[in-house]
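All of the numbers you see were taken from the coordinates with simple rules; none came from a lab. The model shown is predicted, which means the values in this text are computed figures rather than measured ones. Methodologically, a virtual Cβ is constructed for each residue, glycine included, from the backbone with ideal geometry; neighbour enumeration extends over all protein chains shown.
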Amino acid sequence: MELTTLPHGALQGPGKQRTSSLEAPIMLLTGHPSAVYTMKFNPSGTLIASGPHDREIFLWRVHGDCKNFMVLKGHKNAILDLHWTSDGSQIVSANPDKTVRAWDVETGNQVKKMAEHSSFVNSCCPTPRELPLIISGSDDGTAKLWDMRQRGAIQTFPDKYQITAVCFSDAADKVKPP
């Protein structure tokens, strides 16, 4: 094994030139007519979901022509946060329309609408395990725990401040700040 040091400010060492660096994109995703606030890879790294100001979640393939292949419609305002479920079959999204929604990635259909917040929903997160739980955080000063199999939030965590970010612990047994 040979180690090479790089001169100060050099992007790469001797040898074959790379076709991209942090200074050049390796793919360009075009299609949203407005600002994009959030993007996430699916668990296998083959798809990207993008959440823009214009209310529609776009799904993209990351190999080949990188075209948008599906649009998820239903929110009434900007997509502030989105996450894939651990198995990659669904996307969960947060919105100023006071809702959290779950979407089936194969069909593009909305499978659940969670609407108990009284103000903007800033953040959402499904469990990192195969549990059907979602946590959401809102400007109304609450984080709500949802079970996808039940109607309504199963637990509410009040705070005196807006909740701007939420997540589960790695074991999915605690709700914590990110």
The simple spin-label model distance between residue 76 and residue 32, using points 7 Å out along Cα→Cβ, in nm, is 2.2
Taking a crude spin-label model, label points 7 Å out from Cα along the C-beta direction, the residue 113 to residue 148 distance in nm is 1.9
Simple spin-label estimate for residue 46 and residue 174 in nanometres, 7 Å along Cα-Cβ
3.5
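Taking neighbour counts of Cβ atoms within 10 Å as a proxy for exposure, in what order, fewest first, do 161, 37 appear?
Values: 161 7, 37 14.
In increasing order of surrounding Cβ atoms, one gets 161, 37.
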Using the Cα gyration tensor of segment 29-152, with a ≥ b ≥ c the square roots of its eigenvalues, what is the shape: rounded (a/c below 1.5), prolate (a/b larger than b/c) or oblate (neither)?
oblate
Give the lysines reachable from residue 174 as a straight Cα distance under 28 Å; neighbours fewer than 8 places away on the same chain don't count.
40, 98, 112, 113, 144, 160
